[in-house]
Each structure stands twice: as C-alpha cells, then as structure tokens.
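J.: If you scroll down you'll find the structure; I have some questions about it.
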Amino acid sequence: MSVSILRGLVAFSLSLSLMGASSSAVALASTANTVEVPQQILKSGINLSTSTLCPNSQQLADQLNLTPLLTRIQELRALTAQQRGQNTLESLSNRVALQETLDQARAIIFQTAMEADFVSAEVQAEQNVYAEVLASYQASRDKMVAGVNAVSFITNGLLWAVSCGLAIPTYKYPGYSVQSGVTGVIAGMVPSLASMYALKAYSGKKRTSEKEPNMLAKLFDYPTNSEIEYPASVWKFLTSVPAEGGGKTRKEELIERWVSDKNIPSFTDSKAKKQLDILTASEARKKGLSIDSLNTRIVMLEQLDGEVGKMKRLLLELAMAVNGIKQI
C-alpha cells in the first residue's frame with residue numbers, strides 16, 4: 001500500500017514538472033523581442049545655443065503653416081529697426097503689421113502646445129486607471145503567493161515532525177520506517193508542489209479585457225471616438241517622416257521600437273490582432289486583462305506621451321524664432 005502511494009506521488013510530481021517545463025518553453029518561444037536596453041526613439045535635434053532652427057523645428061513650422069509668418073516677422077523686424085525713430089505712415093504701418101504677425105504666430109504656437117497637452121492629458125488619465133487596476137491585481141497576487149508559501153512552510157514542518165516521530169523506536173514498536181519514509185517524501189514534495197503553484201499564480205488574475213479603446217487604438221488603425229481622437233497637428237507630427245530620420249514615420253518608429261523591446265514581451269507582432277485587441281482595449285478577449293497586459297499598456301502609453309512631448313521642444317525653438325532669438 002505504502003509503495004503504491006509513493007509511486008503515485010512521484011508520478012504526480014513528474015507530471016507537474018513536465019507541465020511547468022512545457023509552459024516555460026512556450027513562454028520563451030513567445031518572447032520574440034531582442035533589444036534588452038532600448039534607446040530613445042528619436043531625438044529632436046535642437047541646439048539652443050545656435051542661431052538657426054534645427055531641421056525638425058523647420059519641418060514642424062511648415063506643417064503648421066508657420067514658416068511664412070516667421071519669414072514675414074523677420075522682414076518686418078528688420079524694417080522697423082531701420083525706421084526706428086521715424087513717425088511716418090509707413091513706419092507706423094510696419095510696426096502694426098509686425099505686432100499682428102507676432103500675435104498670429106504666437107497663437108499658432110500656443111494652440112499647438114495645447115493640442116499636445118490635450119493628447120498627454122488623455123494618455124495620463126488612461127495610465128491612472130490602468131495603474132489602479134494593476135495595483136489591485138498585484139496586491140491580490142502577492143497575497144495569494146504569500147498564503148501558498150505560508151501553507152507550504154507550515155505543512156512541511158508538521159510532516160517532517162511526524163516523519164521524525166515515526167522513526168523513533170519504542171519497546172513495543174521498534175520502528176515505523178516505511179511510514180516514516182512515506183511521510184518524509186510527502187513532506188519533501190509539499191514545498192515543490194507549492195512552489196510550482198506559486199510560480200503559476202505569480203502572473204496574477206486574468207479576466208476578460210474591457211472594450212473601451214485607448215490612445216493606442218488610432219496608431220494601429222482601430223476605430224476611435226471623440227475622447228481618444230488626435231488633434232490634426234499632433235497626428236500629422238506622428239505620421240510624418242522626421243527631417244533627420246531614417247525614412248520612416250514617427251508612428252512607424254514607435255511601433256517598431258515596441259516590437260523590438262525585450263522589456264515588452266507581450267507585444268511581438270504589430271499585425272497580431274489578439275495582442276492589439278487587448279492592448280488597445282478595442283475588443284473583449286478572454287483572459288486578456290492581466291498584470292502583463294496592463295504593464296505593457298502603461299509602458300506603451302508612456303513612450304507615446306514622450307514622443308508627443310517632443311513637439312513641445314520644437315515649439316520652444318519656434319517661439320524663440322518668433323521672439324527674434326533664432327532665425328529661420
């Protein structure tokens with residue numbers, strides 16, 4: 001009887017080990033990312049100490065139809081400097097025209113900065129929601145793992161105590177070596193089985209993903225709504241090829257970075273519908289909402305926010321051109 005119990009336990013343990021090994025193999029196979037320490041996606045190329053605009057700032061000025069205004073500002077500023085001290089109708093007209101052109105240019109820069117902030121505000125709001133759910137999932141996971149470990153330690157200690165007790169000979173019963181051995185085997189297996197379960201539980205809860213599209217949706221050609229639509233200036237910036245880039249749009253560079261980033265193992269294919277459904281929250285997927293998918297969403301949204309934020313660096317240089325600090 002005892003031998004059959006031993007054989008059954010050993011077989012059960014081996015089957016669990018094989019299941020764990022196969023799961024690890026599948027996980028390794030799905031980790032197709034290669035870059036361990038990613039760099040910034042694209043640099044703005046701005047040098048504040050130079051007197052001219054960098055190519056990317058000049059490109060943004062063209063996209064915003066700001067270049068003619070900047071050229072006109074420079075011309076009017078030169079004319080008013082020559083006419084300083086004059087009270088002619090022409091000099092007055094030039095000063096008024098300069099002020100009007102300055103106001104127009106500053107209004108465009110201000111609105112574009114607000115449009116970039118508009119995107120960032122929505123991104124941050126989505127991150128806040130995901131961070132809250134993520135914290136809840138992690139707390140539940142940690143509590144479960146701690147409980148499993150506690151049960152494992154307590155059960156292991158008790159079983160070893162029983163095993164040692166059975167091994168103590170008495171006058172009437174010289175020894176229970178078989179029973180002691182079986183108990184010892186069980187005591188040794190308990191931590192192993194508990195560790196396997198804890199390892200499986202470490203990924204946390206997995207629930208059906210929600211259907212509420214986020215700011216990643218438009219990047220992957222998913223439907224959007226008024227809350228997650230991009231202003232025209234920001235979308236044009238993301239879908240344009242940088243003046244000092246490698247022939248790909250900022251959006252394409254961003255997506256390629258996510259695919260190659262080894263720190264985002266949940267995203268391995270920019271065309272994989274199941275992955276995109278979950279990450280963009282556009283379609284409900286069974287077991288799609290998890291610690292891993294939430295972490296991936298947060299990281300991708302952070303990097304999207306970083307790229308949109310680079311518009312503000314370019315806008316600063318354009319503002320310097322408006323104020324006469326730099327030349328177009």
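Derivation of every value follows stated rules applied to the coordinates shown; laboratory data play no part. A quick note: this is a predicted structure, and the numbers were derived from the prediction, not measured. Backbone-built Cβ (ideal geometry, glycine too); neighbour counts: all protein chains shown.
J.: On alpha carbon coordinates alone, what is the Rg over Rh value for the stretch 212-258, Rh being the Kirkwood radius?
T.: 1.00
J.: Efficiency by 1/(1 + (r/R0)^6): what FRET value for Ala272 and Ser226, r their Cβ-Cβ distance, R0 = 25 Å, to the nearest 0.05?
T.: Working: r = 28 Å, r/R0 = 1.11.
The value I calculate is 0.35.
J.: Whole-Hz ³J(HN,Hα) for each residue in the stretch 70-84, computed from phi via Karplus 6.51 cos²θ - 1.76 cosθ + 1.60 with θ = phi - 60°, x for glycine and proline: what do you get?
T.: 5, 5, 5, 4, 4, 5, 5, 5, 5, 5, 5, 5, 5, 9, 4
J.: Scan around Thr52 for amide H atoms under 5 Å from its own, H built in the peptide plane at 1.01 Å from N, and keep only partners 5 or more places away or cross-chain.
T.: HN-HN under 5 Å from Thr52: Gln327.
J.: On a full-extension model of 0.36 nm per residue, what is the gain between Lys206 and Leu48, subtracting their alpha-carbon distance, rounded to one decimal in nm?
T.: Net length gain for the segment: 52.0 nm.
J.: Something else about it: For the stretch 220-267, run through the trypsin sites (Lys or Arg not before Pro) and keep only the ones in DSSP coil with at most 13 other Cβ atoms within 10 Å of their Cβ.
T.: Lys262
J.: Report, in cubic angstrom per residue, the convex hull volume of the C-alpha atoms of the stretch 235-328.
T.: Convex hull of Cα atoms, per residue: 118 Å³.
J.: Once the piece of chain linking Lys143 and Phe118 is laid out straight, how much longer is it, given 0.36 nm per residue of separation minus the C-alpha distance between them?
T.: Contour length minus Cα-Cα distance gives 5.2 nm.
J.: Right, something else. If you add up the charges near Asp117, with Lys and Arg at +1 and Asp and Glu at -1, over every other residue whose beta carbon is less than 11 angstrom from its beta carbon, what do you get?
T.: In short, -2.
J.: Cut-off under 17 Å on the C-alpha distance; same-chain residues fewer than 8 positions from Lys236 excluded. Which aspartates and glutamates are left, in chain and number order?
T.: Asp62, Glu115, Asp117, Asp221, Glu244, Glu252, Glu253, Asp305, Glu307
J.: Please give the length that would be gained between Ile325 and Ile41 if that part of the chain were fully extended, namely 0.36 nm times their separation in residues minus their C-alpha to C-alpha distance (nm, one decimal).
T.: 99.4 nm
J.: Further, regarding this structure: Taking a quarter of the surface of the convex hull around the Cα atoms of the stretch 27-140, what do you get in nm²?
T.: Here the figure is 12.7 nm², rounded to one decimal.
J.: So which lysines pass the test for Lys286, namely a Cα distance under 22 Å, with those fewer than 8 places away in the same chain ruled out?
T.: Lys200, Lys205, Lys206, Lys211, Lys271, Lys273, Lys274
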